[in-house]
Structures are given as structure tokens and as C-alpha cells.
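The values are calculated or read from the model by the stated rules, or taken from the named source; none is laboratory data. Keep in mind that this is a model prediction, so the values were computed, not measured. Ideal geometry is used to build each Cβ from the backbone, glycine not excepted, and the neighbour counts take in all protein chains shown. The protein model used for the area step is the full one, side chains on, heavy atoms only, and it has no ligands, DNA or RNA in it. Shrake-Rupley method; radii C 1.70, N 1.55, O 1.52, S 1.80 Å.
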Amino acid sequence: MAAIGRFQKGDEIFHAKVVDGELFRLQGDVFGSPSFEKKPTPFKGLRTLTPVNPSKVICVGLNYADHAREANKPLPKEPLFWLKAPTSLIPDGAKIEIPFATHRVDFEAELAVVIGRRVRNVTPAAAARYIFGYTAAQDVSDRTIQNAESQWARAKSFDTFTPLGPYVETKIDPHDLTIQLFQNGQLRQNSNTSQLIFNCFDVVSFISTNMTLLPGDVILTGTPSGVGAIESGDRLEVRIQGLAPLVNTVK
Ligand code: MG
């Protein structure tokens, strides 16, 4: 497999492989051993959905040293994680909605891990076997609420606060990729996943000792420094090396 997306045409929802701008529909279970149609399906008339429909979205925080510094927080000794409501997910191209005009709401570019097989209590060395692939995400955050509360679920779970996609790349080394966020064409965040304090395999292992991870579950691995406020009309683009860009606007 390679870049896998999820699409809708009328009432029908299906996964497909995206190769050089062409779609090849998948048959069978995307997390099993699917086959692909030989003939491409036209893109026209299709809606791009989030590439998976997870049972849970887990966020790792303060996982880049430079972001922990800008947030004035000590580096965590173990991965720090919390849950984000799956109803906050939106696909590539959809609008992020600011819930309160007076609140500060920030962008956060993140590499997302997508789980491929049910897993519990896995070691970091064995974690890769349970990962389906990687995609781009944002952990949009209402800082006004986040700074006022000790739990972060509310600040980060508003509808539209988790852009994800457009596709899951199943064949990529996740640990040496540039990760960037552009706000209206201006570079705001610029780092590399080699700077992760706990890498993708560490976080899958750690979370799996706490809760069972299911196929399609999504883990956001944290954001580098450079986070900033968003405003209505903004165009936000997450660019991660080797992945299709994730573009969303704000209203
Ligand atoms: Mg985050």
C-alpha cells in the first residue's frame, strides 16, 4: 500500500489508494489484506473524508523540547497524553471554527500515527508492527480555556479542532521528516520529527500499557515550537515531508 484515503460519493464511503493523482478503490478490510481495483476511479464528485474514523484520538503533549520551552513547561519524564473527542475531526479542506470570538485559539502542526492492529502492552521495538501509517494533523487548541483549566480535553475537543489527513502514508520512516506549518503562506513552525522526545514507537508502546489501541485509532505526537493564534479567513497548511499537505481554512 502507500497513500490511503477515505472518500464519499453519495451515501457510499470507501477507501482508496492514491497514486499520482489517481484513485484505486480498495476491496476488503483496509486494516486486513485488501486488494485494489486495477482501473482508476475519477476524483470528480468525491468528497475527501478523514482517512480513518477512529474510536479515540490521543494527544501527546510537550513532545518537542523547543515547544515545552515556549510553553514554559518542564520536559515530561514520561509521555504526557490526553484524549481528544473524535467528533473534533475534520478532513483536508474543511473549515476550523473558532468557538468564542474573544478566546485565543492556536494552530499546532503534528505528525499523526494511525494504528493498524489491535494492540496492548507492546514494547517500543515491536510497536511498528501495529502501526498502519502516518498522516498530518492539527491539534487546534483554545488557549484561553487551556490556560484556565488543569484538564485539556475541553480546550482541544471543540468540533473542527482536529484536522486530519488527507491520506495515510503506509510506507515511510516517521523519524526524520521535516514538519512545517504555513499560515497564509508564511512559515510559522519548522522542525523535524527527529526532535521528538518520545518517538512514535515509544508513544504507541507507552499508551498501549495503559489502554488497548484499536485499528484506526489516531495518536497526535505533539507540536514543535512556533505555535500561534488563528483568525477568521486564515489558510493553514501542514506540510510533513513525504506526506500530502493538509490544508484548512478558518471561520
Ligand atoms: Mg498538541
Quick one: if the Förster radius is 41 Å, what FRET efficiency do Thr209 and Phe43 give, using the C-beta to C-beta distance and rounding to 0.05?
-> 0.50
Quote the accessible area belonging to Glu70 in square angstrom, nearest 10, computed with a 1.4 Å probe and with ligands, DNA and RNA left uncounted.
-> 80 Å²
Percent carbon-and-sulfur accessible area, the chain, ignoring ligands, DNA and RNA, probe 1.4 Å = 48 percent
Which one of Gly222, Val247, Val113 is farthest out on the positive end of the charge dipole of the chain, using unit charges on Cβ (Lys, Arg +1; Asp, Glu -1) and the Cα centre as origin?
-> Val113
Region 120-228: C-alpha gyration tensor shape, a/c 1.5 cut-off, then a/b vs b/c = oblate
Excluding residues fewer than 8 positions from Lys73 in its own chain, the aspartates and glutamates with Cα under 16 Å of it are Glu149
Lysines near Lys77 by alpha-carbon distance under 23 Å, same-chain residues fewer than 8 away left out - which ones?
-> Lys156
Averaged per residue, what accessible area in Å² does the chain show with a 1.4 Å probe, protein chains only?
-> 45 Å²
Length gained when the stretch Arg235-Glu149 is fully extended (0.36 nm per residue, less Cα-Cα span) = 28.1 nm
Among rounded, prolate and oblate, which fits the chain when a ≥ b ≥ c are the square roots of the eigenvalues of its C-alpha gyration tensor, a/c under 1.5 means rounded, and a/b larger than b/c means prolate?
-> oblate
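For region 3-48, what is the convex hull volume of the alpha-carbon atoms per residue, in Å³?
With only Cα atoms used, region 3-48 gives 72 Å³ per residue.
Determine the order of Asp202, Asp234 by accessible area, beginning with the largest, at a probe radius of 1.4 Å. Write out the running numbers ahead of the final one.
Numbers: Asp202 50, Asp234 15 Å².
So the residues, ranked largest to smallest area, are Asp202, Asp234.
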May I ask you to list the lysines whose Cα is less than 17 Å away from that of Lys171, ignoring any residue fewer than eight positions away on the same chain?
-> Lys17
